[in-house]
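Enquirer: There's a structure below that I have some questions on.
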Protein chains: 2
Amino acid sequence: MRLVLARCTVDYEGRLSAHLPEAVRLIMVKADGCVAIHADGGAYKPLNWMNAPNRLVIDEAAGLWVVTNAKGETLTITVHEILAEVNHELGVDPGLRKDGVEAHLQELLAANPTVIADGLRLVRREYPTDIGPVDLLCRDANGATVAIEIKRRGEIDGVEQLARYLEFLNRDPLLRPVRGIFVAQEIKPQARVLAGTRSIGWVEVDYDELRGIVSEELRLF
Amino acid sequence: MRLVLARCTVDYEGRLSAHLPEAVRLIMVKADGCVAIHADGGAYKPLNWMNAPNRLVIDEAAGLWVVTNAKGETLTITVHEILAEVNHELGVDPGLRKDGVEAHLQELLAANPTVIADGLRLVRREYPTDIGPVDLLCRDANGATVAIEIKRRGEIDGVEQLARYLEFLNRDPLLRPVRGIFVAQEIKPQARVLAGTRSIGWVEVDYDELRGIVSEELRLF
DNA sequence: GACTAGATGTCGGGG
DNA sequence: CCCCGACGTCTAGTC
């Protein structure tokens, strides 16, 4: 990783055009070749960047750094003055372990659909439709089809998504009629209202509690 | 901006849990207080981060950096060894000028609605409805109302957005019946399918060509 | 503060 | 490789 603190101007031409007037910024070049220009604020997002794969050509004498990629995008950095510089090999990162995202929530609910509603049985996870996969397809105690959409945070677009799936699922005579249940750790008031007008049910589930139920069940076997 | 290259382990507890085993990484602390942990690859996104506003407490002796925020999230960095360090004031950045995003596409199309469909005349840009503004409201050659939604890339949620607007516009007896056209530089297959089922038309436009048409017209006057 | 919609979104998974 | 949906999305604008 090469870190250069420099007074510079920057131009990007590609998906859009962008220009940065002269100022002191951090230029970060990673081992995979990606380049990022950071200001001293504005969260972790750089002002400008160019992802790998790309080609970086540096004319040290002219202070001209030009990054190009196969898509025809160009990032041009004009370095007026270098204030500090660090260059160091970091090696490959052992990587990140995550826990608590939607995929895990879906796993837990797939294993315990009765948490959503009594008598619910799983037919399939990621049940495919023409406009994308439904998180869970189930049958209820009466054998009727139930489509489940799972979100970490339940907002309006999640309800829309489920409504779309229902529209398509209800065209299938083998499944029809299909009702929907929107499941999330927390469901926003507007999402509840919209679900109501779409005749879609909603259930809030507690992630930690759910993990508890699962370990409880494992303990019994 | 403080840059520290260090062998470290990192833990994040908040919206999810994440753990980074010991490795050499870059720790970036910006003037606004935000903290980011970068590996030597993986585009510009850090492995872990904590946005401002937050509180950073450093126990130099123990090599323990703890960042907390009001939402109850915690980023804990255990620094085992510091390999390099730079500290520098960058000052406030003069900011970024952009060109070529959706707003500009809307301008161009507002000036040339016939690119979307023959005989189309603009009534108003950002025509207000109860649930937000429609990009363009037009009349076609027969005087019928047409609502236009413009995206750079046409995906499913853009179709949904237009469908919502149409639902509201069609309640207005002065406008009714209103049909919709979804316009983008590129429209994804699934978005086309959904538009079809919603009786919404769609048109792909070429941004560069459109700029050409506009400059051509300017030249004629 | 809540809600909406854009983003050079980025990233990962499946076909 | 495209297509699609999640993301600790982030961010800016409006109400």
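The values are calculated or read from the model by the stated rules, or taken from the named source; none is laboratory data. Quick caveat, the model's predicted, so the values are computed rather than measured. FYI the Cβ positions are ideal-geometry reconstructions off the backbone, even for glycines, and counts take in every protein chain you see. To get the accessible areas, we keep the full protein, side chains included, count just its heavy atoms, and leave off ligands, DNA and RNA. Shrake-Rupley method; radii C 1.70, N 1.55, O 1.52, S 1.80 Å.
Enquirer: Is there any pair linking a residue in region B:189-212 that is closer than 20 Å to residue B:106 by Cα and open to solvent by 20 Å² or more (accessible area, probe 1.4 Å) to one that is part of a loop (DSSP other than H, G, I, E, B) and away from DNA strand D (no atom under 15 Å from the Cβ), with Cβ under 8 Å and at least six apart or on different chains, and which?
Expert: Within 8 Å, the pairs are B:201/B:117; B:203/B:116; B:203/B:117; B:207/B:100.
Enquirer: A follow-up question, please. Looking at (1) at the interface with chain B (Cβ under 7 Å from one of its Cβ atoms); (2) under 25 Å from the mean Cα position of the chain (by Cα); (3) modelled with pLDDT of 95 or more, which is the one condition that is false for residue A:26?
Expert: (2)
Enquirer: Check region B:115-126 and report whether any residue there is away from chain A (no Cβ under 14 Å) and within 14 Å of DNA strand D (Cβ to nearest atom).
Expert: Quick first cut of region B:115-126, residues away from chain A (no Cβ under 14 Å) only: B:115-126.
Of the ones still in play, those that are also within 14 Å of DNA strand D (Cβ to nearest atom) are B:125-126.
Yes, the conditions are met somewhere in region B:115-126.
Enquirer: Another question, if that's okay. For residues that are assigned to a strand (DSSP E or B) and within 13 Å of DNA strand C (Cβ to nearest atom), tally how many sit in region B:49-79.
Expert: 1
Enquirer: Follow-up. Kindly check whether there is at least one residue in region B:195-214 that is modelled with pLDDT under 90, among the β-branched types (Val, Ile, Thr) and touching a Phe, Trp or Tyr at 6+ places or on another chain (Cβ under 6 Å).
Expert: Looking for residues that are modelled with pLDDT under 90, among the β-branched types (Val, Ile, Thr) and touching a Phe, Trp or Tyr at 6+ places or on another chain (Cβ under 6 Å), one finds none in region B:195-214, hence no.
Conditions (1) within 12 Å of another protein chain (Cβ to nearest Cβ); (2) touching a residue at least 60 places away in the same chain (Cβ under 8 Å); (3) loosely packed, with under 15 Cβ neighbours inside 10 Å, marked per residue:
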| site | (1), (2), (3) |
| --- | --- |
| B:59 | no, no, yes |
| B:70 | no, no, yes |
| B:79 | no, yes, no |
| B:82 | yes, yes, yes |
| B:93 | yes, no, no |
| B:96 | yes, no, no |
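Enquirer: Continuing with the same structure: Can you find, within region B:156-182, the residue that is farthest from DNA strand D (Cβ to nearest atom) among those that are under 24 Å from residue A:198 (Cβ atoms) and open to solvent by 70 Å² or more (accessible area, probe 1.4 Å)?
Expert: B:177
Enquirer: With crowded, with 19+ Cβ neighbours inside 10 Å, away from DNA strand C (no atom under 11 Å from the Cβ) and within 12 Å of chain B (Cβ to nearest Cβ) as the only criterion, which of A:6, A:43, A:36, A:31 stands out?
Expert: A:6
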